[in-house]
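The values are calculated or read from the model by the stated rules, or taken from the named source; none is laboratory data. Source: prediction; values computed, not measured. Here the Cβ positions follow ideal geometry from the backbone for every residue, glycine too, while neighbour counts run over all protein chains shown. With ligands, DNA and RNA removed, areas are computed over all heavy atoms of the protein, side chains included. Shrake-Rupley method; radii C 1.70, N 1.55, O 1.52, S 1.80 Å.
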Amino acid sequence: MAGIYIYSEEQPVTEQLLTAGKTLANSLNEKINVIDFSEQDSESFIKKGADHVLCLKSDHPWPESYAQIIADILKEKDPTVVLIGGTLRGKTTASIIAAKLQTGLVNNAFAIEGSGSVIETKRIMYSGIAVCTEELCHGSIVTIEPRTFDAAQDSDHQGDTENIDIQPEAKTITVGNVCPIVHQDNDIATAEKLVCVGRGLSDQNDMKLAEELAEKLHAQICCTRSVAEDYHWLTTDKYVGLSGAKVKPNLYISMGVSGQVQHVAGMRDSKVIVAVDTNENAPIFAAADYGIVGDLHEIIPLLTKELG
Amino acid sequence: MKIIVCYKWVPDEQDIKIAADLKVDMSMAKWKISEYDKNAIEEAALQAENNAAEVTCLTFGTSKAKQSLKDALSRGPEKAYWVNDAKAENTDGFVTANILAAAIKKVGIPDLIFFGEGSEDSYGQQVGPRVAALLDIPALTFVTKTAVKDDAITTTRSIGNCTEDVTASFPAVVCMLPEINKPRIPSLKQVLKASKKPVEEIKLADLGLSDAELTVKNKVKSIQGFVMNRKNKLYQDGSSAEKVKALVSDLAKEGLA
């Protein structure tokens, strides 16, 4: 047995993984199998390149509790590689499955490539300073974060669906009080323009400078970890970085951001990066396309005005 | 209530240099307890202070990790377990989880096992839930709040687009997000007290793991510096207003202003 297996508890992420899966399927000459919970999605997955959809029928509400069931299925199918959506739930599920199957796991791969029978992944290490290239063992699991790939395009691809009735695991846990996080503005992860504030702001009144600039640009405001966690000027869902939000807007303007590696790891996929900071040796300038060394109290109002 | 908190001894990435040939140079790096793990140790210390939990810590590291023990113990735990083996130099989430799970079984599965959300160096984000799976107990990950009542822990998880409260009966693995607490800076008294706390060294051979369980799965082909491809244009001439004008003109060319 062989094949590429794809799973995410979020259907749009599965569609993105299909893009990576199709390239891989071509170079490895393998079939693409999708594991999902809703029969409704299977037609769309097939159009987007799935050869086979395994539809698990259950109504257990906690996605993580399916890890054992998915592990059991994968054990029987003996896949070449398993791609799992790198949402936070997905990474937990992937880790549990990997342990159950005693196989390898690459979390947060940003690239995956197949050639002959060899599959290689790339992921970042040391908070983003380095890239680790790994050659996967047979049956390794790889998680890929949402929005790393665009959703696969519809085609006239044909495939089939298999329904599997499953018994969820005994409930050793209880889940309650599920609250969607209400983003104060729009979600920064999908914003087209971002203004980012860092500790270079002298006090909370300086947020006004960022707000005026953001308003002019129709941008969202985000921040570094310490602005959210130490100063609490913005909520924690607004901080960009390795352990925070990963963003890739068309324009990213930072003000008073020094550019620590963990922060840069969250924003370096932005198309154009602009930095304003007083310290000319700040690492943010190495990560920026355009930089102005200067006092943000002077530069930012000028910029807001000039953008007229 | 017994808690084991796991941590990793890692190079401080602020001191890691990337050479011209993109090789990663760690020769200047100071080593430290991974920042994310400090949150896990702090959460265990708070459980010791507020709920009389009996806290021990566990690390898998090379002989160099000996330096970490005093720092870890000064942060609250009463005893440290150290699986000392050169294999820690070349490990992965698979091997590390097998070793930690075996060590935990050896010293006795506690009520709670705490982890950070990932290690600061490789950030594989898998050892905590892997250990849970190996011990066949629940994994509560990305936790921003914990509350212990009777023989169960209720956690608030922050998982991207939602938060949820998950309760698990003991034993359970809990992996903390950094925002859960602010790790203490150990006082002189705590540091001095740490020197007197017991350390138990565990030999890998005593864990009864097979060669297959101790062999890394995926093969690392290279670790190279990340290449930043940016224009790096600094506006240095003229007044601030002129610099801003030049910037806006460049942004306009990119279709962004």
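See the values below:
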quantity: Gyration tensor over alpha-carbon atoms, chain B, equivalent ellipsoid semi-axes in Å; calculated: 38, 24, 20
quantity: Taking N as its residue count, the alpha carbon Rg of the stretch A:102-194 over 2.2 N^0.38 Å; calculated: 1.54
quantity: Computed over the stretch A:1-91: relative contact order in percent, which uses C-alpha pairs under 8 Å that are six or more apart; calculated: 41
quantity: Neighbour net charge for A:GLU120 - beta-carbon separation under 10 angstrom, K R +1, D E -1; calculated: 0
quantity: Residue with peak Gaussian network fluctuation, chain A [Cα springs, cutoff 10 Å], from A:ASN279, A:ASN250, A:ASN177; calculated: A:ASN177
quantity: Chain A: C-alpha gyration tensor shape, a/c 1.5 cut-off, then a/b vs b/c; calculated: prolate
quantity: At 0.890 mPa s and 25 °C, Stokes diffusion of the stretch A:188-306 via Kirkwood alpha-carbon radius, µm² per second; calculated: 181
quantity: Radius 13 Å from Cβ of A:LYS248, net charge of other residues (Lys, Arg +1; Asp, Glu -1); calculated: 0
quantity: Dipole magnitude of the protein assembly as shown, debye to nearest 20 (Cβ charges: Lys/Arg +1, Asp/Glu -1, about Cα centre); calculated: 1660
quantity: Neighbourhood net charge (10 Å Cβ-Cβ; Lys/Arg +1, Asp/Glu -1) for B:LYS217; calculated: -1
quantity: Inter-probe distance in nm under a simple model that places probes 7 Å from Cα toward Cβ, at A:ASN26 and A:HIS297; calculated: 5.6
quantity: Placed amide H near A:ALA245: partners under 5 Å, 5+ positions off or other chain; calculated: A:TYR239, A:VAL240
quantity: Anisotropy class of the protein assembly as shown from Cα gyration tensor, a/c 1.5 cut; calculated: oblate
quantity: Fraction of alpha-carbon pairs over 17 Å apart in the stretch B:126-177 - percent; calculated: 32
quantity: Protein accessible surface hidden between B and A, which excludes ligands and nucleic acids, total in Å², probe 1.4 Å; calculated: 6800
quantity: Exposure rule at most 10 other beta-carbon atoms within 10 Å, DSSP loop trypsin sites (Lys or Arg not before Pro): chain B longest free segment; calculated: B:31-195
quantity: Mean Kyte hydropathy of 0.0 or more with a Cα span along the axis of at least 15 Å, helices from DSSP in chain B; calculated: B:93-107, B:240-253
quantity: Helix axis angle, A:11-28 relative to chain A longest principal axis, alpha carbon, degrees; calculated: 70
quantity: Net lengthening on full extension, A:PHE110/A:LEU307 (0.36 nm per residue, minus Cα-Cα); calculated: 67.5 nm
quantity: Tensor-based shape of the stretch A:15-134 (alpha-carbon gyration tensor, a/c under 1.5 rounded, otherwise prolate or oblate); calculated: oblate
quantity: Filtered GluC sites (Glu not before Pro), the stretch A:93-185: DSSP coil and at most 14 other beta carbons within 10 Å; calculated: none
quantity: Selected from A:ILE284, A:ILE124, A:ILE292 as most flexible by GNM, with chain A as the system and alpha-carbon contacts under 10 Å; calculated: A:ILE292
quantity: Amide H within-cut-off set for B:THR141, under 5 Å, with H built and near neighbours excluded; calculated: B:CYS175
